[in-house]
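Quick notes on the structure that follows.
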Amino acid sequence: MKELSLNILDVAENSVKAKASLIKITLTEKDNLFTIEIKDDGCGMSKEVLEGVTNPFYTTRTTRKVGLGLPLLKMAAEQTGGTMTIDSVSAIDNPENHGTVVNAVFYTDHIDFTPLGDVVATVTTLIQGHPEFDFIFNHIKPEGKISLDTRELKSVLEGVPLNSYDVIKWIKDYLNEQYENPINE
């Protein structure tokens, strides 16, 4: 993939398919490191699935015989000298505390570092396509933080769908404004 934001979209879509109710996307920039963490409370993966999930010829999909999302993210991280890890607990193994965490670390000063791309479009696409799910987005940069929590929006909007045009436009403008002036904590 040409932009990391597309990898984020792909992994978050996996969380949606895993029936997560909350999907947390955290991007952290510090020194020459860029970290992507996507954490969900979905059904998780068995140990067998977890072992094969970064193999491009392993997929749980029935529409095609390859699954490239996680293998491509892993390759993008490793090309910079970074790493990707996946931790997952299956709902079968632990009905109370299950889900998956994907963590990818990139070295930004490496020539093969893939640009982030349009992460605002990624977040708004996820919310527009899946308004019934809750998303927490945080991008922690040296100059400040960009954040959005759909649970807060839902409590204020009192039944107005998150995927309505005006709400999606507001979310996009709100995130873009934060990227122009990150919140210092």
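Summed over the range 70-98, residues that are over 20 Å from Lys17 (Cβ atoms), open to solvent by 60 Å² or more (accessible area, probe 1.4 Å) and either among the hydroxyl-bearing types (Ser, Thr, Tyr) or under 15 Å from the mean Cα position of the chain (by Cα) (or both) total 2.
Test Val101 against the criterion of being surrounded by fewer than 17 Cβ atoms within 10 Å (Cβ to Cβ), closer than 14 Å to Lys24 by Cβ, in contact with a strand residue (DSSP E or B) (Cβ under 8 Å, 6 or more places away or on another chain) and among the aliphatic types (A, V, I, L, M), and give yes or no. Answer is yes for this residue. Selection within the range 141-168: residues that are crowded, with 19+ Cβ neighbours inside 10 Å and under 18 Å from the mean Cα position of the chain (by Cα). The member of this set that is farthest from Leu72 (Cα to Cα) is Thr150. Selection of the range 8-34 for residues being open to solvent by less than 30 Å² (accessible area, probe 1.4 Å), more than 20 Å from Asp118 (Cβ to Cβ) and over 13 Å from the mean Cα position of the chain (by Cα) yields only Ala18. The residues of the range 104-135 that are among the acidic types (Asp, Glu) and surrounded by 15 or more Cβ atoms within 10 Å (Cβ to Cβ) amount to a single one, Asp134. Taking (1) touching a residue at least 24 places away in the same chain (Cβ under 8 Å); (2) open to solvent by less than 60 Å² (accessible area, probe 1.4 Å); (3) more than 22 Å from Asp10 (Cα to Cα); (4) not small (Gly, Ala, Ser) in turn, Tyr174 satisfies each apart from (2). Taking the stated definitions as given, is Asn138 surrounded by fewer than 16 Cβ atoms within 10 Å (Cβ to Cβ) and at pLDDT 95 or above? Answer is yes for this residue. Those residues that are of a type outside the set (Lys, Arg) and more than 12 Å from Asp40 (Cα to Cα), I need them from the range 4-30; list them, please. Within the range 4-30, Leu4, Ser5, Leu6, Asn7, Ile8, Leu9, Asp10, Leu27, Thr28, Glu29 qualify.
Selection of the range 146-172 for residues being out of contact with any Asp or Glu (no Cβ under 6 Å at 6 or more places or on another chain) and of a type in the set (D, E, K, R) yields Asp149, Glu152, Lys154, Glu158, Asp166, Lys169, Lys172.
The values are calculated or read from the model by the stated rules, or taken from the named source; none is laboratory data. Note that the coordinates shown come from a computational prediction; the quantities given were computed from them, not determined experimentally. All Cβ positions, even for glycine, are placed from backbone atoms using ideal geometry, and neighbour counts span all protein chains on display. Accessible surface is based on the protein model in full, side chains and every heavy atom, while ligands, DNA and RNA are left aside. Shrake-Rupley method; radii C 1.70, N 1.55, O 1.52, S 1.80 Å.
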